[in-house]
Amino acid sequence: MVRLYKTFVHGFDEEIEGGIPQGHVVLVAGPPGTMKSSLAYSILYNNALHDGTSGVYVTMEQDRESLEFQITRMGMDPKKVGDKVRIQDISRIRRGVEELRDTSRTGSPVEKPWLDILKGHLEDVKGTGDFALLVLDSLPILEIISGLRERRIGLFHFFGWLKALKVTTFVISEVSPDPNIVRDEDFLADGIFALTMDRVGELDVYRRIRCVKMRGVNHNPGIFTLEVEDGAFRVTRVI
């Protein structure tokens with residue numbers, strides 16, 4: 001039996017047969033303002049809080065202090081989960097680059113590619129304290145700092161490495177609101193949570209969530225309204 005990890009979004013896990021299969025790589029994709037980062041952190045937070053599951057959140061856009069301020073304001077207290085959810089700030093990883101440098105045949109120091117640095121860092125973290133859930137925030141920033149020249153080939157190898165890491169991974173991706181645009185990562189991911197901002201009437205805007213894809217799961221592909229209150233996410237059916 002494959003373990004399923006709940007999203008702890010009230011009303012949503014029932015629509016994806018109880019949760020996300022262990023080892024899946026899931027895209028959390030949407031335009032700005034759709035609460036992708038907050039949702040991904042919430043999944044780690046609640047799995048730690050309710051099931052004692054360890055997770056790692058790698059932030060490449062916000063610093064750790066900014067992220068903790070954001071989630072605390074939403075009603076999630078990082079102190080309640082302690083080391084069960086570790087926030088890895090990419091800026092702090094950058095400061096350790098000098099320790100991760102190779103030496104060329106000429107004796108001159110040569111920096112490793114950023115993607116190799118990130119991989120090595122996560123492998124070290126997993127070796128010193130195993131974890132089951134991982135969030136990478138975000139894919140566009142990862143592409144920038146890693147300098148991928150052949151995007152399709154680079155993403156293929158990176159997603160393969162994530163699968164080999166044997167953790168359940170959520171990759172946050174900033175995407176266009178146009179649902180007709182298909183990206184390379186859509187094919188590589190095991191699952192896709194698509195978040196949108198939909199205008200209703202003249203004044204109202206609602207956040208929506210849809211499980212576009214989830215391999216091995218008979219999921220509901222319908223669109224749901226996504227709401228958050230006191231740190232807890234929930235969905236309601238769109239009428």
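State the number of residues belonging to region 189-215 that are touching a residue at least 60 places away in the same chain (Cβ under 8 Å), among the charged types (D, E, K, R) and surrounded by 14 or more Cβ atoms within 10 Å (Cβ to Cβ).
Adding up the residues that qualify gives 2.
May I ask you to list the residues in region 76-125 that are at pLDDT below 65 and among the charged types (D, E, K, R)?
If the condition is that a residue be at pLDDT below 65 and among the charged types (D, E, K, R), then Arg94, Arg95, Glu98, Glu99, Arg101, Asp102, Arg105, Glu111, Lys112 are the ones that fit.
If Ser42 meets every condition in (1) surrounded by 21 or more Cβ atoms within 10 Å (Cβ to Cβ); (2) under 21 Å from His121 (Cα atoms); (3) not β-branched (Val, Ile, Thr) apart from one, which number is that one?
Against the list (1) surrounded by 21 or more Cβ atoms within 10 Å (Cβ to Cβ); (2) under 21 Å from His121 (Cα atoms); (3) not β-branched (Val, Ile, Thr), Ser42 comes up short only on (2).
For the subset of region 1-47 comprising residues that are in a loop (DSSP other than H, G, I, E, B) and among the polar types (S, T, N, Q), which member is nearest to Lys166 (Cα to Cα)?
Here the answer is Gln22.
Can you pull out the residues in region 216-239 that are hydrophobic (A, V, I, L, M, F, W, C) and in contact (Cβ under 8 Å) with a residue 60 or more places away in the chain?
Matches in region 216-239: Val217, Phe224, Leu226, Val228, Ala232, Phe233, Val235.
Go through region 1-40 residue by residue and tally those that are among the aromatic types (Phe, Trp, Tyr) and either at pLDDT below 95 or touching a strand residue (DSSP E or B) at 6+ places or on another chain (Cβ under 6 Å) (or both).
Adding up the residues that qualify gives 2.
Looking at Glu185, Glu150, can you tell me which residue is surrounded by fewer than 19 Cβ atoms within 10 Å (Cβ to Cβ) and among the charged types (D, E, K, R)?
Of the residues listed, the single one that is surrounded by fewer than 19 Cβ atoms within 10 Å (Cβ to Cβ) and among the charged types (D, E, K, R) is Glu150.
So in region 116-143, with the set limited to residues that are of a type in the set (Val, Ile, Thr) and more than 13 Å from the chain's Cα centre (by Cα), which one is surrounded by the most Cβ atoms within 10 Å (Cβ to Cβ)?
Here the answer is Ile117.
Name every residue in region 48-73 that is surrounded by 14 or more Cβ atoms within 10 Å (Cβ to Cβ), in a loop (DSSP other than H, G, I, E, B) and modelled with pLDDT of 95 or more, in order of residue number.
Matches in region 48-73: Thr53, Ser54.
Please count how many residues of region 130-160 are of a type in the set (Val, Ile, Thr), outside any strand (DSSP E or B) and either within 27 Å of Ser54 (Cβ to Cβ) or touching a residue at least 40 places away in the same chain (Cβ under 8 Å) (or both).
Looking only at that region, the number is 2.
Tell me yes or no: at least one residue of region 72-80 is out of contact with any helix residue (DSSP H, G or I) (no Cβ under 8 Å at 6 or more places or on another chain), in contact (Cβ under 8 Å) with a residue 60 or more places away in the chain and of a type outside the set (Asp, Glu).
yes
Among Ile141, Ile209, Ile172, which is in contact with a Phe, Trp or Tyr (Cβ under 6 Å, 6 or more places away or on another chain) and under 23 Å from Thr59 (Cα atoms)?
Ile209
The values are calculated or read from the model by the stated rules, or taken from the named source; none is laboratory data. Quick caveat: nothing in here was measured; it's all calculated off a predicted structure. Cβ sites come from the backbone with ideal geometry, for glycine too, and all protein chains shown count toward neighbours.
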